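Single-structure report; data block below.
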Amino acid sequence: MNSDPTNPKPVVSLLNQDHTDLFIDAMWLESGLSKNTLSAYRSDLHRFAKFIGDKELTVVEQSDVQKFLGFMMAQGTKASSSARVLSTLRRFFRYQIRENRVSKDPCAQVLSPKQGRPLPKAMSEQQVDDLLNAPDTQTSLGLRDRAMLETLYATGLRVSELVDLTLLEVSLQVGVVRIVGKGNKERLVPLGEQAVDWIEQYQQGARIALLKQRQTDAMFVTARGAGMTRQAFWHIIKKYALKAGIEQALSPHTLRHAFATHLINHGADLRSVQMLLGHADLSTTQIYTHIARERLQSMHAQHHPRG
């Protein structure tokens, strides 16, 4: 085992690389996991394999996993990230047991790192308006950006779902988008009149101008006529947040949080929000009730005569 981060020796053995590749291929074939999820699995296993050095993954013991979690903690890794890595290892070893390569799961008795339940950063409705109004819609790129921001806030899509949208998945006539999200689950999400209007404007002018007779089925395209990336859209959000004078750190996921929080603030029930967000478990959605409750308490304290 090589747990010294200053030692340049740790590498992933070819055997452990083979174990990882077989696991990733199996997860892709059996569960239809997204490229991002599979990439995260591969990264977690690569990190663990580097830590154990020459030791083969299929002979790992519980003490190896515990030492690795301790190493990550010493490196300043967040509890949430450590918990995710442990989840990856558990899935990996369950697969190895199923394939009869190991007889027991070394993670079975390992406790997940304790972590608080961080509340997502919520934007006010005024901040959302300021952000949506920031793009210069007299330009092709500005009109595209306005259409993307409107779509994101209207639907609460994950940023990967937004940038991967195709023309066939958006029905402006019906006013919905069809999303195939995590776990290959399909859902229909309403767009709303304003998002439909901005997408129509973008499609009829800006998209044609950006493509310059090039062909693609991607809904939102770059100046090079290619599909948008998650990283590129993250920079777009940052640019318009700065222009709108929004000081809090924003990301594409912040608008997803705003979508859910504002729905609940205006009376939407939790089950409906769960379906719109594509959450498999209602408990994941319940975090938004905490935000809404805090905002209601603050409003009561500010405006009620006996607050």
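Pull up region 153-167, narrow it to residues that are among the hydrophobic types (A, V, I, L, M, F, W, C), part of a helix (DSSP H, G or I) and within 13 Å of the chain's Cα centre (by Cα), then point me to the one that is nearest to Met228 (Cα to Cα). Among those residues, the one meeting the criterion is Val163. If you go through region 168-182 one residue at a time, how many are over 21 Å from Ala226 (Cα atoms) and surrounded by fewer than 13 Cβ atoms within 10 Å (Cβ to Cβ)? Number of matching residues: 2. Every condition in (1) surrounded by 16 or more Cβ atoms within 10 Å (Cβ to Cβ); (2) modelled with pLDDT of 85 or more; (3) within 26 Å of the chain's Cα centre (by Cα); (4) of a type outside the set (Val, Ile, Thr) is met by Leu33 except one, and the failing one is (2). Meeting the requirement of 3 or more residues that are in the same structural domain as Met148 (by TED's automatic domain parsing) and more than 16 Å from Asp18 (Cα to Cα), the helices (runs of 4 or more DSSP H) wholly within region 31-135 are 125-132. Considering region 191-204, the residues that are surrounded by 14 or more Cβ atoms within 10 Å (Cβ to Cβ) and of a type outside the set (S, T, N, Q) include one that is modelled with the lowest pLDDT, namely Gly192. Against the list (1) at pLDDT 60 or above; (2) surrounded by fewer than 19 Cβ atoms within 10 Å (Cβ to Cβ); (3) within 30 Å of Thr229 (Cβ to Cβ), the condition His257 fails is (2). Go through region 53-102 and give me each residue that's at pLDDT 85 or above, farther than 23 Å from Asp25 by Cβ and either surrounded by fewer than 13 Cβ atoms within 10 Å (Cβ to Cβ) or touching a Leu at 6+ places or on another chain (Cβ under 6 Å) (or both). Hits for region 53-102 are Glu61, Ser63, Ser82. Among residues of region 118-152 being small (Gly, Ala, Ser) and modelled with pLDDT of 90 or more, the one that is farthest from the chain's Cα centre (by Cα) is Ser140.
The values are calculated or read from the model by the stated rules, or taken from the named source; none is laboratory data. Here the structure is a predicted model, which means the values were calculated and not measured. Cβ: placed from backbone, ideal geometry, glycine included. Neighbour counts: every protein chain shown.
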